[in-house]
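Notes follow once the structure below has been shown.
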Amino acid sequence: MANGPKVVLTRAWPEEVESYLAERYDLTRNEADEPMSEAALRAALAEADALCPTVTDRIHAGLYEGVEVRTRIIGSYGVGFEHVDLEAAGARGIAVSNTPEVLTDCTADIAMVLLLAAARRIGEGERHVRGRAWTGWRPTHMMGTRVTGKTLGLVGFGRIGRAVARRAHFGFGMKILFHDPFPVPEEVAAEVDATACETLDELLGAADFVSLHCPSTPETRHLMNTERIGRMQPHAFLVNTSRGDVVDQLALADALREGRLAGAGLDVYEGEPNVPEELIALENAVLLPHFGSGSRETRIAMGMRVAENLAAFFAGTEMPDRLV
């Protein structure tokens, strides 16, 4: 065990990253790789110089109550940071970092996988074959929806949204629409011949596919509710690789079941790992287990990004991904 600052990982990380950290810090791993209880998180805050949670660990203000906090940095593994109360951490002088950029491409890949799988009924088709129900090729069997040349609407045009746009535009000749509350440089939109929509409703009504790329905030919770899903065309598909609570899952299930929406592809859910039975029962919903960043290369890169932030913090230099 190396000397130096005490670092606690709340879950198992890729072996390469754990070994790297163990050589440089007094490292405590989560050998069981199960979610830490609030009591365990409080204990970590009391004993660790650095606490390294994941996006599934809720580091809220109440954890600090009654604890003599030793932690000086929260190095979160993941790009999202809504699970960490930044104000509460900042009030205690605790720095917080995340891992942007390194998971952009893999998450964009999964968004396209979901789009294609929902449109072409991939999950349904595989279940059909594995269930020994396939009787052979025929002209009207399991017809899906063509993707090439269709219109893709991106809700949020940040790093991941732009990466999806490049794949869709250059790979499938798709027309790109986007809606983002923040200004997007003209040259960025021009790269994929993208058109900005002034309102979300405008985008929803015009797109054949809608892909969500917005953060989880009070304003975006259930952004896609019954009313907004109703703005989409009945032949359209909804894809979500952002955050689960952006979609009202029961409203989505109702629309899919009743034929008011053609299909959906989801990698994230509200209340993970629980997924509503209403969605699980639907053949036109493609459901993945929140693994948008789940390539070995990306998960290692995310861990090394945390390591970069820890090294900078303990050296007293500027952290590359400091949030607080």
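The values are calculated or read from the model by the stated rules, or taken from the named source; none is laboratory data. Here the structure is a predicted model, which means the values were calculated and not measured. Positions of Cβ are generated from backbone atoms using ideal geometry, with glycine treated the same way; all protein chains shown enter the neighbour counts.
Across region 136-192, which residue is farthest from the chain's Cα centre (by Cα) among those that are of a type in the set (S, T, N, Q) and loosely packed, with under 11 Cβ neighbours inside 10 Å? Break it down stepwise before answering.
Restricting attention to region 136-192, the residues satisfying the condition of being of a type in the set (S, T, N, Q) are 140, 145, 148, 151.
Still in the list and also loosely packed, with under 11 Cβ neighbours inside 10 Å: 140, 148.
On the way: THR140: 36, THR148: 25 Å.
Step by step, filter region 136-192, then rank; the result is THR140.
Quickly run through region 110-135 and pick out the residues that are β-branched (Val, Ile, Thr) and within 29 Å of the chain's Cα centre (by Cα). Walk me through it before giving the result.
Narrowing region 110-135 to residues β-branched (Val, Ile, Thr): 110, 113, 122, 129, 135.
Listed by number, the residues that qualify are ILE110, VAL113, ILE122.
Of all the residues in region 202-224, those that are surrounded by 14 or more Cβ atoms within 10 Å (Cβ to Cβ), modelled with pLDDT of 95 or more and either over 22 Å from the mean Cα position of the chain (by Cα) or not β-branched (Val, Ile, Thr) (or both) number 16.
When only residues in region 55-77 that are among the hydroxyl-bearing types (Ser, Thr, Tyr) and under 27 Å from GLY244 (Cβ atoms) count, which is surrounded by the most Cβ atoms within 10 Å (Cβ to Cβ)? Going through the qualifying residues, I end up with SER76.
Take the residues of region 201-235 that are assigned to a helix (DSSP H, G or I) and touching a helix residue (DSSP H, G or I) at 6+ places or on another chain (Cβ under 7 Å): which is farthest from GLY265 (Cα to Cα)? Can you show your working first?
Taking region 201-235 as the starting set, the residues that turn out to be assigned to a helix (DSSP H, G or I) are 201-206, 226-231.
Subset that is touching a helix residue (DSSP H, G or I) at 6+ places or on another chain (Cβ under 7 Å): 201, 204-205, 226, 228-229, 231.
Working: ASP201: 20, LEU204: 16, GLY205: 19, THR226: 17, ARG228: 17, ILE229: 14, ARG231: 18 Å.
Among residues in region 201-235 that are assigned to a helix (DSSP H, G or I) and touching a helix residue (DSSP H, G or I) at 6+ places or on another chain (Cβ under 7 Å), the one farthest from GLY265 (Cα to Cα) is ASP201.
Looking across region 236-291, the residues that are in a loop (DSSP other than H, G, I, E, B), among the aliphatic types (A, V, I, L, M) and within 20 Å of ARG121 (Cβ to Cβ) come down to ALA236, LEU261, ALA262, VAL275, ALA281, LEU282, LEU288.
For first residues located in region 116-128 and free of Cβ contacts under 8 Å to residues at least 12 places away in the same chain and on the phi > 0 side of the Ramachandran plot, partners that are among the basic types (Lys, Arg) and assigned to a helix (DSSP H, G or I) and lie 6+ apart or on another chain with Cβ distances below 6 Å do not occur.
Within the set ILE73, ILE94, ILE59, the sole residue that is touching a Lys or Arg at 6+ places or on another chain (Cβ under 7 Å) and not assigned by TED's automatic domain parsing to the domain that holds GLY244 turns out to be ILE94.
Does VAL324 satisfy the condition of being of a type in the set (Val, Ile, Thr) and part of a strand (DSSP E or B)? Spelling it out, it is not the case that VAL324 is of a type in the set (Val, Ile, Thr) and part of a strand (DSSP E or B). Only residues that are free of Cβ contacts under 8 Å to residues at least 60 places away in the same chain and exposed (fewer than 15 other Cβ atoms within 10 Å of the Cβ) were counted in region 251-275, giving 5. Within region 169-200, the set of residues being touching a helix residue (DSSP H, G or I) at 6+ places or on another chain (Cβ under 7 Å), of a type in the set (Gly, Ala, Ser) and either assigned to a loop (DSSP other than H, G, I, E, B) or more than 20 Å from THR220 (Cα to Cα) (or both) comprises ALA194 only. For region 1-28, taking the residues that are touching a helix residue (DSSP H, G or I) at 6+ places or on another chain (Cβ under 9 Å) and modelled with pLDDT under 95, the one that is nearest to ALA89 (Cα to Cα) is identified as GLY4. Counting only residues that are closer than 13 Å to VAL84 by Cα, assigned to a loop (DSSP other than H, G, I, E, B) and either hydrophobic (A, V, I, L, M, F, W, C) or modelled with pLDDT under 95 (or both), region 35-64 holds 2 of them. Just one residue in the set ALA39, ALA12, ALA43, ALA48 is of a type outside the set (Lys, Arg), in the same structural domain as MET302 (by TED's automatic domain parsing) and crowded, with 16+ Cβ neighbours inside 10 Å; that residue is ALA48.
Assessment of region 297-306 against the conditions (basic (Lys, Arg), surrounded by fewer than 18 Cβ atoms within 10 Å (Cβ to Cβ) and not assigned by TED's automatic domain parsing to the domain that holds VAL113) yields no matching residue.
Checked against (1) crowded, with 17+ Cβ neighbours inside 10 Å; (2) in contact (Cβ under 8 Å) with a residue 12 or more places away in the chain, ALA312 passes all but condition (2).
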